[in-house]
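Contents: one structure, followed by commentary.
The values are calculated or read from the model by the stated rules, or taken from the named source; none is laboratory data. Predicted model, so just to flag it, every value in this text is computed and none were measured. Cβ: placed from backbone, ideal geometry, glycine included. Neighbour counts: every protein chain shown.
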Amino acid sequence: MDVPVTTGSSYPRCMDEGVGPVVVAANWYRFRAGERIRHERVRSECFLWVLGGTGRVRSRDEWFTLSTGAVLRLPWDHDVEYRADARSPFRLGTVHVVPRHARGVPVVPAVAHQPGDPLYASAARDGDPGHPVHSGASTALARRIASLGRYTVERFGEEAWDESASRALGELFRAESVHTAGQGDGIPAALERMTAFVTERLDTPLTVGDVAAAGGCSVSTAGRLFAAHLGTSVAAWIRNARMREAAELLRTSGLRVGEVARAVGFTDPLYFSRVFRATFGEPPSRYGLGQIRP
């Protein structure tokens, strides 16, 4: 018998109540300049998002160039190759989901990705093949997945393993998976080019004219696009992008405040500290305390 779906929802529940999605792994990873990593077979559906820097990812014979804020969903039982940029290597967050895990079988919080791993043969884990799906940094979908991913990684890193919580998170990621397979957010290509231009140059001075030129449009058109689709001005979006990057660096790297300030385009650390405090309600010197993990 079919399981009813709430009217208006694009997320169909799993018809077999004996199985359900579960998050089995989540972590941050900072690539070295030019570093390459390849896995021939990863037994998960993987959600990855870029915290900073740039690089390329290949899966299912498709290459994706990713920069800050971009999200890539890799399908169940995928292959993957990472190539970090030689000058500005990316930092990634990753969450691995088993789409269908038997509810009566205890979940092992690990993902099969190395030859000989017994989890490859687990009858309790299953999913459907598919294709990689890329979401640009300016899309609402990418922002939702990145926010959910940050929470998930922090929970995995700071809390004891909790199967019920991991299954609940799995349901949320599967809901977002349905959205990635559907229609996009309708973000104009010019806006995508402009936001990508900004996120790749957070350490340099930028004017609204520079950003508009990257999108191939006038300053007034750029302003209308940012206001209509992102709800903010170009200048405010640039400032917020710098602050988001600064927050990620303070949480996920060992950089000092002055180094973070320079990395996001501030030559004056004191001014950076004032802007950061106005944005997050606390100084950058305190923001990252207790957050950095090896």
- Item | Residue selected from the stretch 240-264 under the condition out of contact with any helix residue (DSSP H, G or I) (no Cβ under 7 Å at 6 or more places or on another chain) and within 20 Å of residue 143 (Cα to Cα), by the criterion surrounded by the most Cβ atoms within 10 Å (Cβ to Cβ) | 242
- Query: (1) at pLDDT below 95; (2) more than 19 Å from residue 252 (Cα to Cα): which one isn't true of residue 82, the others all being true?
  - Reply: (1)
- Restricting attention to the stretch 232-290, and to residues there that are of a type in the set (Gly, Ala, Ser) and in contact (Cβ under 8 Å) with a residue 60 or more places away in the chain, which single residue is farthest from residue 222 (Cα to Cα)? 253
- Note on the structure: Filtering strands (runs of 3 or more DSSP E) wholly in the stretch 38-125 for at least 2 residues that are within 21 Å of residue 175 (Cα to Cα) gives 45-52, 71-74, 91-102
- Message: Given the criterion among the hydrophobic types (A, V, I, L, M, F, W, C), under 20 Å from residue 139 (Cβ atoms) and part of a helix (DSSP H, G or I), identify the matching residue among 202, 225.
- Response: 225
- Query: Can you name every residue in the stretch 201-228 that is touching a residue at least 60 places away in the same chain (Cβ under 8 Å) and surrounded by fewer than 17 Cβ atoms within 10 Å (Cβ to Cβ)?
  - Reply: 203, 204, 205
- Note on the structure: When the stretch 8-33 is checked residue by residue, the ones that are under 28 Å from residue 86 (Cα atoms) and either among the aromatic types (Phe, Trp, Tyr) or at pLDDT below 95 (or both) are 27, 28, 29, 30, 31, 32, 33
- Item | Close pairs (6 angstrom Cβ cut-off, 6 or more residues apart or separate chains): in the same structural domain as residue 82 (by TED's automatic domain parsing) and more than 20 Å from residue 162 (Cβ to Cβ) in the stretch 23-38, of a type in the set (Gly, Ala, Ser) and not in a strand (DSSP E or B) anywhere | 33/86; 34/86
- Query: Under the condition of being under 20 Å from the mean Cα position of the chain (by Cα) and not charged (D, E, K, R), which residue from the stretch 192-206 is farthest from residue 262 (Cα to Cα)?
  - Reply: 194
- Near pairs, Cβ below 8 angstrom, 6+ apart or cross-chain, from the stretch 152-178 (outside any helix (DSSP H, G or I) and of a type outside the set (D, E, K, R)) to any residue that is modelled with pLDDT of 90 or more and surrounded by 13 or more Cβ atoms within 10 Å (Cβ to Cβ): 161/109
- Within the stretch 169-212, considering residues that are of a type in the set (D, E, K, R) and touching a Leu at 6+ places or on another chain (Cβ under 9 Å), the one modelled with the lowest pLDDT: 185
- Query: Any idea which residue in the stretch 231-268 is farthest from residue 30 (Cα to Cα), counting only those that are among the β-branched types (Val, Ile, Thr) and in a helix (DSSP H, G or I)?
  - Reply: 234
- Task: Filter the stretch 207-254 for residues that are more than 24 Å from the chain's Cα centre (by Cα) and not hydroxyl-bearing (Ser, Thr, Tyr) and give the result.
- Result: 208, 209, 210, 212, 213, 216, 217, 219, 222, 223, 224
- Note on the structure: Restricted to the stretch 64-83 and to residues being surrounded by 24 or more Cβ atoms within 10 Å (Cβ to Cβ) and over 10 Å from the mean Cα position of the chain (by Cα), the residue farthest from residue 133 (Cα to Cα) is 66
- What about residue 87, is it touching a residue at least 12 places away in the same chain (Cβ under 8 Å), of a type in the set (Lys, Arg) and within 30 Å of residue 226 (Cβ to Cβ)? yes
